[in-house]
Each structure stands twice: as C-alpha cells, then as structure tokens.
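A.B. asks: Here you go, one structure.
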Amino acid sequence: MDQREFQYMFYGLAAAWTILCLYTLFLTSRGRKIQAEIDHLKRMLESSPKK
Amino acid sequence: MRDKLIYGAGIFAALYFVRNLYVILLQLPDEALQGAVYRIFFFHLPPYFAAVACFFGAAIASGLYLKTKQWKYDVFAVSATEVGLALAAMNLVTGMIWGRQQWGIWWTWDARLTSALITWLIYLGYLMLREGIKDPSERAKNSAVLSIFALFAVYFTYKANVWYRTQHPGPVLTIRTGDAGTIDPAMQAMIYHNLGAFLLLTVALVAVRMNLEDSQRAVESLRRRAHAIA
Amino acid sequence: MTALEAHGLWKYYGDFAALQQVSFEFAAGSCIALLGRNGAGKTTLLRILAGLSQTSEGQVRILGGNPRQPAIRARIGIIGHGIGVYDELSAEENLLTFARLYAIDHPAKAVDHWLERTDLDRVRRGLAREFSRGMRQRLAIARAFIHNPNFLILDEPFTSLDDRAIALLQGLLKDALAQGATVVLSTHQLKEALELASHVLLLNRGKLAFTGTRTADMLVDPGWVYRHYGEPTASASPANGESTAA
Amino acid sequence: MNYLRQVAAIAGKDLRSELRTKEALNASLSFAVVILLLFSFVVDPDSEMLEQMSGGLLWMVFAFSGTLILNRGFAREIPNDCLDALIASPIPGSALFLGKAIANFALIAIIEAICFPVFGILYNLNWTQQLPVLLGVSALATWSMATLGTMFGALTVNMQLRELMLPMLIYPMLIPALMAAMQLTTLLIAGQPIDAEHAIWLRVLIAFDIIFTSLAAVLVETVLVG
C-alpha cells in the first residue's frame, strides 16, 4: 500500500483543506463578532437620547 | 450584488472541487516516479497562482485608490491581500509536505521556497501596517503605497532567488505517467481545472472578506457616533 | 484681488466628515479670524490651506493657485502647534536651513535680519534646545517670516506665547497687513484676534456657520459671534471656547 | 539647481544634527562592533570558512546596525512638529526624500567605513585587494538600504510601533539587494574580480536601486501629504 505513497498524499490534501477551513472559520467568527458589536452600538445609540 | 457573487461563486467552486477531487482520487493514475503523492500538486500550484493573482489585483486596486481615493479600492486591496496570504500559506504547507516525502526534508533554502516565504512575510507586513494605523484615510493611503512596493519587491525577490539557487522542479510541469517523460494530458488538464476551482473560491472569499471590511467600517463610524453622544 | 477662496470643501477622515461643504472667498489684505470650538474643524481647514493635507472634495485656491504648488507655498508662512525648529541646530542654522528650503536670494542676509528683528542676535550660535521658552517661540516666528510671506497661516498663535512674543508677532502681523499680506489665524483668544481681524469665519461641527466682516459689535463683546451664529448650547461658555463637545 | 540646493539643505541639516548628538551613530556603531566580536565565537576565526562567510557577516551587521540609523531618519522630525514645517516649505516631496536618503546613506557609510577595517584586523583578512570595486558595490547596496529605509520611515512615521515596524517591513524587501551585496563582497574580499558569472548580481543591485528610488520619489509626496 505504501508503495504508492498514500500517506503523504493524505497529509498534503488534509493540510490544504484544513487551512481553507481554518480561514473560513476565522472569517465567519470575525463576521459574527463584528455583527454583535454593530448590534450593541446600535442599541446604545437608540437608547441614549440625542443631545 | 456581492452576496449573489458569494453564493454563486461559492457553490460553483464547491461543485467544481467535488468533481475535481473525484477525478483526482479515483480516475487519474499514479505518477510514474512519485506514486500517489503527486496529487498534492493539484493543491500546490493552483493556490499559488490564485495568490499571485490576489497580490497583483491588490496592487492595481491600491494604485486606483491613490488615484481616486475611493474606499472600494482600499476594501478590495486588503481583502485580496488577506485571501492571497491564506492561499500562499496553502501553497507553502503542501509544498513542505511534498518535499518531506520526495526530498526527505521539510524545508530547503531553495529559490522558489525562499522567495515564497519572503513573499508571505512581505504581505504579512502589509497586514501589520494596517493594524498599526488608526485613522482610516491614513491607513488606506499608506498601505496602498506599501502594496505597490510589495509587488515590485516580490518580483525582485523571485528573480534574484532563481539566479541564486534552485532545486525546485522547473516551471515546466514534470508529471509523467509512463517512461516517455512527457506530461500526461489528463493530469495537465486537471491542473487547469483545479486552478479554475481555486479562482472561483478566491472570488467568493474575497467577496466575503470585503463584506467584513465594510462591516468593520460601519463599526468604526458607529463607535465614533457613540463617542460623540457619550 | 481674491487671495483666498474655497469652493465646496469636504474633508473626510474615514467616513467622518471633518469639513462639510465649506466655501468662502476673501480679498488680498484681509485678516481672517477663524473661530470655532474644539473639534469644529479649524485645524483641519488650516492644514489644508497650508498644503499639509489634501481635500477630499472641493478646491482651495491661495493667491490664485493650489497650495501644493511649490510656487504658491513659497509665499505662505505658517505657525502651527509645534514651533517647527530643530532642537539640535543653532538659531542661525535653523533659519539658514529654512532660508535655503525657501530658495530666497540672499539667505545669510535674511538670517541676519531676522535674528536681529527677533532679538536672537546674541545667541545665534546657541542651540535651540538650550533656549528659554520665549526664545524658542521667537525663533519659530523668525522661521515663519524668513521668506517675507504674503500669506500667513497661524494656528492658535497666541495661546502658548509669552508677552514679548505676542507683542513681536502682533507687530509683524500689522506690518504684513499694511503691506497687503493676507492673514488667516485661528484662535481661542477672541480679544487679541478680533482686534487684528478684518473678517470673521466661524466653523461649527465642520460646517460654515458664519462668514463676514468683523463688526464693531464683536469688538465690544467678543462672545457676540458665538451667540448669534454658533449652535444654541454654545452661549454657555463662549468666551474662551473651551467646551466639552468634541 | 534650486532643487539640488534644497536636497543639500535637507541632507545637511540631518547630518549636522546627527553628528552633533551622535545618538543613532553611537548606538549603531557599538551594536555593529559587538556583533563583529560575537561572530568570532560562531566560526573559528582562523578557518577558511570565515573568508567564505565574510560578505554575509558584514552585510548582516550593516543591515542590523543600519536600522538604528534609519529609525532616526523621520523620527527626528517629530519633536516640535518639524515635519509640518518641512512639508509646508516649497520643496517637492522627492527633494525631501532624496535629502533624507542621502543623509541616511552617509551615516550608514560611516558605520561601514569603520567596520571594514575592524573586521580586517580582527579576523586577519586582507580585504583591500579589490578596494575600488568593493567601495562601488557597498555604495550601491547602502543606497538600497537608504532608499527603502527612508521611504518606509515616511510610511511609519506616525505609528506608535514605528521602531518595530520599520525593520519588519524593510528586511524582507531588502533581501535581493543584501543577497547580491553578500555574494559580491565575499568575492571581492577574497581578491577576485567580478567575473561574468557574478556580473548578474551587480545588475540586480543597480536595477534594485533604480526601480525603488524612482518608485519612492514618485510616491513619497502622496505619503507625506495626508
């Protein structure tokens, strides 16, 4: 089986997809954080009376 | 408009990848000298080209920003650079794994490896510069200038390193099925197919990142309004 | 002749508009007092006039040209928040450096003249670092006037000066105005500024609130402009302009 | 003509104030000498290997100690808002850039002029066999450090982490120029002329200087005027 060098092929493909997934996760988590902050700020702006 | 692009390009990229993976894993034969491991190559070269396209696009957008001072160019430049960095990381890591199997070492100070790493560091510097500047106009302007410098520097690094030393397989693709020493047309076609898939993915990711940058801008302006009231 | 004009000036920092649709026009020989509270956009406007910053939209013309043209900048003198002289250079070296940058005809002669005029002749070889506060301020004034500018931009010039420097600067400004120069100065010290000023320009949150000639009313009661053209809340503490809104 | 006089005025005042305090110069020089000394523990000072590494060692020293000088370049303009006074004066951005780059070049050149003989004495190397060419190569490589250092000094002048950012940004970009300088310096210290095989490095240095100097001269005004 390892005559065909499957092990490293697997490592390589896994690494490629892992990086992609990590970056996507990083993007979504950051997006969520920013959305939360927008909501928070909007609520703050609405609740405080305009000067 | 941008949301449609995200979903459209994203879905197409996913389908394309599924199709490509099916061909790569189940239809293509092993390479004559390397065995199965050559399949990494389909996730090594295409991301590299996609990353280069990103950096190139970022430099052009940066030039346009300096000329027009329109935000969209700055937003595109930072998004493309960041996605480019992720793709370049993919290129570096897959390359290292392939090298470990083929050359027995994780890293060698070969021309292409070295210049890829330097490229990565240069663009990491771009993101760090952005982190360090608070005023959005100043940030956009200075990082645009850096992006233009970076592109020239990357080209120079690449050239200089090629003259210096190389043990990396040449730009001519060396994938063979038989003893003939020629490129298998099916394998070569697969490189282009996967490049297509990666480019679609890049479009989707850059669009997502641009949305994020827009929200970030919204936060900054909301925060300023909040400060004005408080 | 029009010495200073602005048409539809906007300046953004990010999406924050520091200046919004500001337009004005002043004839040569005017002395314009730029008023407004902290954060109203005074410094932003002055930096644009001085060519230190670019407009996001709109146009500024000083003495008929863009302030970024070297030929125009050669006729502008500025005094900003910092004194703009080098601590490690002597008074003479500082002035000589700027005389050369302004490419004036006889640098050494001009330096001598201004050292005398600002009473720094005795200490011409002394380093700016070793100077007293007042001496440094006079050196800054000499630096700003060394090329005989006929357009002066002064940001809060009287705020940090000692009496002697104030007297010197006021004398120089009066001389310059008498020779037809144009002066723009922003200030919190309404009294000193309004005595010199022929025109008044009031900014309120980046918008032009009032522009016109300085009237006798304003001289008698320096808070008058703020009360009439500033926003309603401004009347509480108009005279020194120190307010809480940023 | 005026342009050259303005460039000279900027370079002159930078050099004069640095030579008066010697702040950056002293720090940079002592740093350089310390690295040169430490290196004797890394490689056997009497071995052949040292000669083969001489170019690399020297340019590492210059790159590290040069940053201390480059960091001061625009930092010098911060107290008293001197940068505003300069930008408001009627000099083109490129003249300001060239003047400061020339001052940086001269200061780094001083460090080099001291380090070369010290290196020769400490490690018993006859480094002067190709002196004129060596000087030319050093000048080209030093100019590339000075241009990138000055340009990125302008880019980072308003940042809090300025002293950290500058080396982070310029080292990766400088690698081609440093690599060329290392190759050529090793060759020249060994007493060999630049042959056809190494001429490519000379071209790298020249092209690097031309491209980045013109790029900086064009873009610096945009950077300085906000």
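Bear in mind these aren't lab numbers, they're just calculated from the coordinates by the rules spelled out. Quick caveat: nothing in here was measured; it's all calculated off a predicted structure. Positions of Cβ are generated from backbone atoms using ideal geometry, with glycine treated the same way; all protein chains shown enter the neighbour counts.
A.B. asks: Going by Cα centres, segment C:72-92 and segment D:141-182 are how many Å apart?
C.D. replies: Segment C:72-92 and segment D:141-182 have Cα centres separated by 28 Å.
A.B. asks: To the nearest 20 Debye, how big is the dipole of the protein assembly as shown about its Cα centre, given +1 on the beta carbon of each Lys and Arg and -1 on that of each Asp and Glu? Could the numbers behind the result be given before it?
C.D. replies: On the way: 65 positive and 60 negative charges, 380 e Å.
That gives a dipole near 1820 debye.
A.B. asks: At a threshold of 8 angstrom on Cα-Cα distance, excluding pairs fewer than six apart, so keeping six or more, what relative contact order does chain D reach in percent? Provide the component values of the computation, followed by the final result.
C.D. replies: Details: 250 pairs, mean separation 65.2, N = 226.
Taking the mean separation of contacting Cα pairs over the length of chain D, I get 29 percent.
A.B. asks: Show the residues, 5+ positions off or on another chain, whose built amide H is closer than 5 Å to the amide H of C:ALA209.
C.D. replies: Sorted by chain and number, the residues that satisfy this are C:LEU202, C:LEU203, C:ASN204.
A.B. asks: Among residues other than C:GLY65 whose Cβ falls under 10 Å from its Cβ, what is the net charge (Lys/Arg +1, Asp/Glu -1)?
C.D. replies: Details: positive: C:ARG61, C:ARG68, C:ARG73, C:ARG75; negative: none.
Residues close to C:GLY65 contribute a combined charge of +4.
A.B. asks: What are the membrane-span-like helices in chain D by this rule: whole DSSP H runs, Cα extent along the axis at least 20 Å, mean Kyte-Doolittle hydropathy at least 0.5? All intermediate terms of the calculation are to be shown ahead of the outcome.
C.D. replies: Working: long enough: D:2-21 (29 Å, -0.45); D:23-42 (29 Å, 2.02); D:48-75 (42 Å, 0.79); D:93-122 (43 Å, 1.88); D:131-156 (36 Å, 1.42); D:162-189 (36 Å, 1.42); D:196-224 (42 Å, 1.62).
Going by DSSP H runs, the hits are D:23-42, D:48-75, D:93-122, D:131-156, D:162-189, D:196-224.
A.B. asks: Dipole of the protein assembly as shown (Lys/Arg Cβ +1, Asp/Glu Cβ -1, origin at the Cα centre): which of B:VAL162, B:LEU195, B:LEU92 lies farthest to the positive side?
C.D. replies: B:LEU195
A.B. asks: Okay, moving on. Going by Cα centres, segment D:21-39 and segment C:11-43 are how many Å apart?
C.D. replies: Using only Cα atoms to place each centre, the spacing works out to 49 Å.
A.B. asks: Mind pulling the angle between the C-alpha long axis of helix C:91-101 and the longest principal axis of chain C? Nearest 10 degrees, somewhere in 0 to 90.
C.D. replies: 70
A.B. asks: Too long at a 26 Å Cα-Cα cut-off: which of B:LYS69/D:LYS100; B:LYS134/C:LYS42; B:LYS67/B:LYS134; C:LYS174/D:LYS13; B:LYS4/B:LYS134?
C.D. replies: Values: B:LYS69/D:LYS100 28 Å; B:LYS134/C:LYS42 21 Å; B:LYS67/B:LYS134 22 Å; C:LYS174/D:LYS13 32 Å; B:LYS4/B:LYS134 32 Å.
In this structure, B:LYS69/D:LYS100; C:LYS174/D:LYS13; B:LYS4/B:LYS134 lie more than 26 Å apart at Cα.
A.B. asks: Follow-up. Counting only residues 5 or more places away or on other chains, whose amide H sits under 5 Å from the amide H of C:LEU4 once H atoms are built in the peptide plane?
C.D. replies: Residues meeting the criterion, in which the H sits 1.01 Å from N, are C:PHE26, C:LEU63.
A.B. asks: Who wins for biggest fluctuation among B:ALA153, B:ALA13, B:ALA51 in a Gaussian network model of chain B, springs between alpha carbons below 10 Å?
C.D. replies: Answer for the Gaussian network model of chain B: B:ALA153.
A.B. asks: Same structure again: For segment C:102-195, which trypsin sites (Lys or Arg not before Pro) are both in a DSSP coil and crowded by at most 12 other Cβ atoms within 10 Å?
C.D. replies: C:ARG122, C:ARG125
A.B. asks: First select every other residue whose beta carbon is under 15 angstrom from the beta carbon of C:GLU93; then total the charges, Lys and Arg +1, Asp and Glu -1. Can you show the working numbers first?
C.D. replies: On the way: positive: C:ARG100, C:ARG124, C:ARG125, C:ARG129, C:ARG136, C:ARG143, D:LYS13, D:ARG16, D:ARG20, D:ARG76; negative: C:ASP87, C:GLU88, C:GLU92, C:ASP112, C:ASP121, C:GLU130, D:ASP14, D:GLU18.
Counting the neighbours of C:GLU93, the net charge comes to +2.
A.B. asks: Which residue fluctuates the most in chain B, going by a Gaussian network model with Cα springs under 10 Å, if the choices are B:LEU205, B:LEU45, B:LEU28?
C.D. replies: B:LEU28
A.B. asks: Another one. What does DSSP give for chain C in terms of the percent of beta bridges that are antiparallel, rounded to the nearest 5? It would help to have the intermediate numbers written out before the result.
C.D. replies: On the way: 21 of 39 bridges.
Of those bridges, close to 55 percent are antiparallel.
A.B. asks: On to the next question. Which trypsin sites (Lys or Arg not before Pro) in segment C:12-57 sit in a loop by DSSP (not H, G, I, E or B) and have at most 16 other Cβ atoms within 10 Å of their own Cβ? Let's see the in-between values first.
C.D. replies: Numbers: sites: C:ARG37, C:LYS42, C:ARG47; in loops: C:ARG37.
Taking segment C:12-57 and a limit of 16 other Cβ atoms within 10 Å, no loop trypsin sites (Lys or Arg not before Pro) are found.
A.B. asks: Could you work out how far the C-alpha centroid of segment B:101-126 sits from that of segment C:96-120, in angstrom?
C.D. replies: Centre-to-centre distance over Cα atoms comes out at 56 Å.
A.B. asks: Still on this structure, I have one more. Please arrange C:ASP155, C:ASP163 by counting, for each residue, the other beta carbons lying within 10 Å of its beta carbon, fewest first. If you can, show how the numbers build up before the last one.
C.D. replies: Values: C:ASP155 23, C:ASP163 8.
In increasing order of surrounding Cβ atoms, one gets C:ASP163, C:ASP155.
A.B. asks: Now for a separate question. Quick check on the protein assembly as shown: take the gyration tensor over C-alpha atoms, sort the square-rooted eigenvalues as a ≥ b ≥ c, and tell me if it's rounded (a/c under 1.5), prolate or oblate. Mind dumping the intermediate values first?
C.D. replies: On the way: a/c = 2.93, a/b = 1.46, b/c = 2.01.
Since a/c reaches 1.5 but b/c is at least a/b, the shape of the protein assembly as shown is classed as oblate.
A.B. asks: Is segment C:87-149 best put as rounded, prolate or oblate by its Cα gyration tensor, with a ≥ b ≥ c the root eigenvalues, rounded for a/c under 1.5, and otherwise prolate when a/b is larger than b/c, oblate when not? Before the final figure, lay out each step's value.
C.D. replies: Details: a/c = 1.76, a/b = 1.60, b/c = 1.10.
The shape class here is prolate.
A.B. asks: Apply the a/c threshold of 1.5 to the C-alpha gyration tensor of segment C:130-205 and tell me whether it is rounded, prolate or oblate. Before the final figure, lay out each step's value.
C.D. replies: Details: a/c = 1.87, a/b = 1.28, b/c = 1.46.
Judged from the Cα gyration tensor, segment C:130-205 comes out oblate (a/c at least 1.5, b/c at or above a/b).
A.B. asks: Once R0 is set to 51 Å, what does the formula 1/(1 + (r/R0)^6) return for the Cβ-Cβ distance between D:VAL43 and D:ILE78, expressed as a FRET efficiency to the nearest 0.05?
C.D. replies: Working: r = 41 Å, r/R0 = 0.80.
Working from the Cβ atoms, E equals 0.80.
A.B. asks: Identify the chymotrypsin sites (Phe, Trp or Tyr not before Pro) of segment C:80-169 meeting these criteria: DSSP loop state and at most 13 other C-beta atoms within 10 Å of the C-beta.
C.D. replies: Numbers: sites: C:TYR86, C:PHE98, C:TYR102, C:TRP114, C:PHE131, C:PHE145, C:PHE151, C:PHE158; in loops: C:TYR86, C:TYR102, C:PHE131, C:PHE158.
For chymotrypsin sites (Phe, Trp or Tyr not before Pro) across segment C:80-169 that sit outside H, G, I, E and B with at most 13 neighbouring Cβ atoms in 10 Å, the list is empty.
A.B. asks: Most exposed first by the Cβ proxy, i.e. fewest other Cβ within 10 Å, how do D:ILE189, D:ILE210, D:ILE194, D:ILE114 rank?
C.D. replies: Values: D:ILE189 23, D:ILE210 10, D:ILE194 18, D:ILE114 14.
Ranked by crowding around the Cβ, least crowded first: D:ILE210, D:ILE114, D:ILE194, D:ILE189.
A.B. asks: Let me confirm one metric for peptide B:132-144, namely the mean number of other chain beta-carbon atoms within 10 Å of its residues' beta-carbons. Walk me through the numbers on the way to the answer.
C.D. replies: Values: counts 8, 6, 5, 5, 5, 10, 7, 1, 1, 7, 10, 1, 3.
Across the residues of B:132-144, the mean count of other-chain Cβ atoms within 10 Å is 5.
A.B. asks: Taking beta carbons within 10 Å but only from partner chains, what does the mean come to for residues D:7-14? Before the final figure, lay out each step's value.
C.D. replies: Details: counts 0, 1, 9, 3, 0, 4, 10, 2.
Per residue, the average neighbour count from other chains is 4.
A.B. asks: Okay, helix-only estimate at 222 nm for chain C: each DSSP H run of n ≥ 4 adds -39500 (n - 2.57), divide by all residues, round to 500 deg cm²/dmol; what do you get? Could the numbers behind the result be given before it?
C.D. replies: On the way: 9 runs with 81 residues, N = 246.
Result for chain C, helices only: -9500 deg cm²/dmol.
A.B. asks: Put +1 on the Cβ of each Lys and Arg and -1 on the Cβ of each Asp and Glu in segment D:2-224; which of D:PHE119, D:LEU215, D:PHE41 then has its Cα farthest toward the positive end of the dipole?
C.D. replies: It is D:LEU215.
A.B. asks: Where does chain D land at 222 nm, in deg cm²/dmol rounded to the nearest 500, when only DSSP H runs of n ≥ 4 count, each adding -39500 (n - 2.57), divided by all residues?
C.D. replies: That calculation yields -29500 deg cm²/dmol at 222 nm.
A.B. asks: Using a Förster distance of 30 angstrom, determine the FRET efficiency expected from the C-beta separation of C:ASP162 and C:ASP217, and round it to 0.05. Could the numbers behind the result be given before it?
C.D. replies: Values: r = 31 Å, r/R0 = 1.03.
Once the sixth-power term is evaluated, E becomes 0.45.
A.B. asks: Compute the angle between helix C:133-145 and the longest alpha-carbon principal axis of chain C, please, reported from 0 to 90 degrees and rounded to the nearest 10.
C.D. replies: 80
A.B. asks: Something else now. Choose one of D:THR150, C:ALA178, B:GLN216: the residue whose Cα lies farthest towards the positive end of the charge dipole of the protein assembly as shown (beta-carbon charges +1 Lys, Arg; -1 Asp, Glu; about the Cα centre).
C.D. replies: Highest projection toward the positive end goes to C:ALA178.
A.B. asks: Within the protein assembly as shown, what percent of beta bridges assigned by DSSP are antiparallel, to the nearest 5?
C.D. replies: Working: 23 of 41 bridges.
If I count the DSSP bridges inside the protein assembly as shown, around 55 percent turn out antiparallel.
A.B. asks: How large is the helix-only mean residue ellipticity at 222 nm for chain B, computed as the sum of -39500 (n - 2.57) over DSSP H runs with n ≥ 4, divided by its residue count, in deg cm²/dmol to the nearest 500? Kindly include the intermediate steps, with their values, before the conclusion.
C.D. replies: Working: 6 runs with 173 residues, N = 230.
Value at 222 nm, helices only, nearest 500: -27000 deg cm²/dmol.
A.B. asks: Out of D:ASN158, D:ASN126, D:ASN80, any idea which swings most in a Gaussian network model of chain D, alpha carbons joined below 10 Å?
C.D. replies: Among D:ASN158, D:ASN126, D:ASN80, the largest mean-square fluctuation in the Gaussian network model of chain D belongs to D:ASN80.
A.B. asks: For peptide D:160-166, compute the average count of partner chain beta-carbon atoms within 10 Å of each residue's beta-carbon. Each step should come with its number before you reach the end.
C.D. replies: Values: counts 3, 4, 1, 0, 2, 6, 0.
Mean partner shielding for this stretch: 2.
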